[in-house]
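Visitor: Just dropping this structure here.
The values are calculated or read from the model by the stated rules, or taken from the named source; none is laboratory data. Because the structure is predicted, anything quoted here is derived from the model rather than measured. All Cβ positions, even for glycine, are placed from backbone atoms using ideal geometry, and neighbour counts span all protein chains on display. Heads up: the accessible areas ignore ligands, DNA and RNA and are worked out on the full protein's heavy atoms, side chains in. Shrake-Rupley method; radii C 1.70, N 1.55, O 1.52, S 1.80 Å.
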Amino acid sequence: MFAPAASAGLPDSLDARGSVEQVQVTGANPGESVKLLRRGEKVDVQPAGELGGIVFRRVEPGGGYTVRRANGTVSPTFRVLKDRSKPPSKELYKQTIPVGGYGYLTTRDGTKLAINVSLPGPAGDGPYPTL
């Protein structure tokens with residue numbers, strides 16, 4: 001079966017965050033049941049996969065969400081985003097990305113994506129098409 005938490009050597013805390021109509025959880029023990037709560041009320045329960053992760057899907061957008069593991073440890077509160085193109089905050093547009101080379105781009109749900117900026121010519125020769 002699955003190894004108990006003490007012998008697995010995994011941290012006692014969960015990392016949980018809201019995304020677009022879903023919640024992503026890491027840090028659980030394989031097979032451990034984790035509850036998704038909204039303002040203390042149970043929304044869903046799922047077992048962690050073999051790598052200790054869970055994705056709760058079709059979650060109602062809004063705030064007040066937490067997750068709780070079997071030992072009672074509760075995550076910090078987080079928000080689930082709506083399915084819309086507008087980000088919840090315009091601060092996202094103020095981030096600095098590299099003019100060229102390797103860096104990171106933060107998406108509207110807080111995910112950091114590794115990027116490699118490579119323009120088709122010397123810097124400043126634009127305009128270049130954008131995606």
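Visitor: Considering only residues that are among the charged types (D, E, K, R) and either touching a strand residue (DSSP E or B) at 6+ places or on another chain (Cβ under 8 Å) or assigned to a strand (DSSP E or B) (or both), which ones fall in the range 71-115? Please lay out each step first, then the result.
Guide: So in the range 71-115, the residues among the charged types (D, E, K, R) come out as 79, 82-84, 86, 90-91, 94, 108-109, 112.
Matches in the range 71-115: 79, 82, 83, 108, 109, 112.
Visitor: Here's something else I'd like to know. What number goes with the only condition from (1) part of a loop (DSSP other than H, G, I, E, B); (2) open to solvent by 50 Å² or more (accessible area, probe 1.4 Å); (3) of a type in the set (D, E, K, R) that residue 68 does not pass?
Guide: (1)
Visitor: Still on this structure: So, in the range 12-25, how many residues would count as being out of contact with any strand residue (DSSP E or B) (no Cβ under 6 Å at 6 or more places or on another chain) and open to solvent by 50 Å² or more (accessible area, probe 1.4 Å)? Please lay out each step first, then the result.
Guide: We begin by selecting, within the range 12-25, every residue out of contact with any strand residue (DSSP E or B) (no Cβ under 6 Å at 6 or more places or on another chain); these are 12-13, 19, 21.
When the remaining residues are screened for being open to solvent by 50 Å² or more (accessible area, probe 1.4 Å), the result is 12-13, 21.
So the answer is 3.
Visitor: Please count how many residues of the range 91-121 are under 19 Å from the mean Cα position of the chain (by Cα) and β-branched (Val, Ile, Thr).
Guide: Total meeting the criteria: 4.
Visitor: Against the definition (touching a Ser or Thr at 6+ places or on another chain (Cβ under 8 Å) and in a strand (DSSP E or B)), how does residue 46 come out, yes or no?
Guide: Details: touching a Ser or Thr at 6+ places or on another chain (Cβ under 8 Å): yes; in a strand (DSSP E or B): yes.
It is true that residue 46 is touching a Ser or Thr at 6+ places or on another chain (Cβ under 8 Å) and in a strand (DSSP E or B).
Visitor: Could you grab me the full set of residues in the range 91-121 that are among the charged types (D, E, K, R) and surrounded by 12 or more Cβ atoms within 10 Å (Cβ to Cβ)? It would help to see each step written out before you state the result.
Guide: The first filter runs over the range 91-121 and keeps only residues among the charged types (D, E, K, R), leaving 91, 94, 108-109, 112.
The answer is 108, 109.
Visitor: For the list (1) modelled with pLDDT of 90 or more; (2) surrounded by 10 or more Cβ atoms within 10 Å (Cβ to Cβ), I need the number of the one condition that residue 84 fails.
Guide: Going through (1) modelled with pLDDT of 90 or more; (2) surrounded by 10 or more Cβ atoms within 10 Å (Cβ to Cβ) one by one, residue 84 breaks only (1).
Visitor: Look at residue 35 and say whether it is part of a strand (DSSP E or B), of a type outside the set (Ser, Thr, Tyr) and under 15 Å from residue 15 (Cα atoms).
Guide: Values: part of a strand (DSSP E or B): yes; of a type outside the set (Ser, Thr, Tyr): yes; under 15 Å from residue 15 (Cα atoms): yes.
Spelling it out, residue 35 is indeed part of a strand (DSSP E or B), of a type outside the set (Ser, Thr, Tyr) and under 15 Å from residue 15 (Cα atoms).
Visitor: For residue 38, are the conditions met, namely being at negative phi and at pLDDT below 95?
Guide: Details: at negative phi: yes; at pLDDT below 95: no.
No: the conditions fail for residue 38.
Visitor: Now for a different question. Please determine, by comparing only the residues of the range 26-65 that are among the β-branched types (Val, Ile, Thr) and in contact with an Asp or Glu (Cβ under 7 Å, 6 or more places away or on another chain), which one is least open to solvent (accessible area, probe 1.4 Å).
Guide: Here is the first cut: in the range 26-65, the ones among the β-branched types (Val, Ile, Thr) are 26, 34, 43, 45, 54-55, 59.
Narrowing further to those that are in contact with an Asp or Glu (Cβ under 7 Å, 6 or more places away or on another chain): 26, 59.
Numbers: 26: 72, 59: 10 Å².
Within the range 26-65, the match that is least open to solvent (accessible area, probe 1.4 Å) is 59.
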